[in-house]
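The values are calculated or read from the model by the stated rules, or taken from the named source; none is laboratory data. Here the structure is a predicted model, which is why all the values come from computation and not from measurement. In this analysis, Cβ positions are derived from the backbone assuming ideal geometry, glycine residues included, and neighbour counts consider all displayed protein chains. The area values use the complete protein model at the heavy-atom level, side chains included, leaving out ligands, DNA and RNA. Shrake-Rupley method; radii C 1.70, N 1.55, O 1.52, S 1.80 Å.
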Amino acid sequence: MPILGPDRKVVGVHFPSQLTDLKTPMIFSPVELESARHTYTQWTRGRGSQQPKWVLRGTFPAPWGEETVSASAHADGSGYDVQVKKKIPFTRWSRWVPVWVDGGTYGTILAADKHFKQAVKGAPTAELIQMSCSAAAGSAARESAESLHSAGIGFDVHATEKKYGYIEPGPSRGKQDPGTFIGHSSEVELNESGDTKSPWVKYEAPRQRPNTQD
């Protein structure tokens, strides 16, 4: 299913595989897309009954460049949750069923998806943001990136080691808080210097080396 920008161009793809997932195409405002090009947000669990479940910890510079494509699927360090069309035995009908796949298979599915192909065609030098929980905490994100690169897609891939939270925009957010879709609903870590540690891991695409032969 496509993720659409404000001009209706496909900027990514998502796989709704749980009952509570958004089933319609994800559409982001110009403010949200511009914000996500430059920043990401981190959240921490609320403390006590007077705080909401998740509290905004802060906004930080994004590790990716201006041009991005997004892919959204439930995940952990071992794999991703997608939907596949399965034929109902002894009938001519099919139905969509959730299937857990490893990182390599997820990369293959992405590379073959028509919406993702459209996004790649429109931005062949973009970077891919995986809107998935903790795929980089194990081998899933690395394997998916390697699969994409093997398919000839030269995207650098960004995936998070933390739980991912999509913050859906809505009328209640108000003019001062238009919403964002790059968030992390997990405890914030600090590095040795006391600064916030980025949860993002980058998997770089192989670069074409210059020919040094005579």
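List of remarks:
- Which listed residue is touching a Ser or Thr at 6+ places or on another chain (Cβ under 7 Å) and more than 14 Å from Trp200 (Cβ to Cβ), from Trp96, Trp100, Trp43: Trp43
- Within region 75-129, being in a strand (DSSP E or B), under 15 Å from the mean Cα position of the chain (by Cα) and crowded, with 18+ Cβ neighbours inside 10 Å holds for Ala75, Gly79, Tyr80, Asp81, Val82, Glu127, Leu128, Ile129.
- Candidates Gly48, Gly58, filtered to the one that is open to solvent by less than 20 Å² (accessible area, probe 1.4 Å) and either more than 24 Å from Asp21 (Cβ to Cβ) or over 16 Å from the mean Cα position of the chain (by Cα) (or both): Gly58
- Of all residues making up region 1-27, the number that are surrounded by 14 or more Cβ atoms within 10 Å (Cβ to Cβ), among the aliphatic types (A, V, I, L, M) and in a loop (DSSP other than H, G, I, E, B): 1
- Residue list for region 1-54, filter: aliphatic (A, V, I, L, M) and at pLDDT 75 or above: Met1, Ile3, Leu4, Val10, Val11, Val13, Leu19, Met26, Ile27, Val31, Leu33, Ala36
- Residue that is modelled with pLDDT of 95 or more and either out of contact with any Cys (no Cβ under 8 Å at 6 or more places or on another chain) or not polar (S, T, N, Q) (or both), where the choices are Gly154, Gly107: Gly107
- Residue in region 138-151 that is surrounded by fewer than 15 Cβ atoms within 10 Å (Cβ to Cβ), at pLDDT 70 or above and touching a helix residue (DSSP H, G or I) at 6+ places or on another chain (Cβ under 9 Å) present: yes
- Lone qualifier among Ala71, Ala36 - being assigned to a strand (DSSP E or B) and under 20 Å from Ala159 (Cβ atoms): Ala71
- Boolean, Gly152 is under 17 Å from Glu204 (Cβ atoms), in a loop (DSSP other than H, G, I, E, B) and of a type outside the set (Val, Ile, Thr): yes
- Filter result for Glu168 (modelled with pLDDT under 90 and either within 22 Å of Ser78 (Cβ to Cβ) or among the β-branched types (Val, Ile, Thr) (or both)): no
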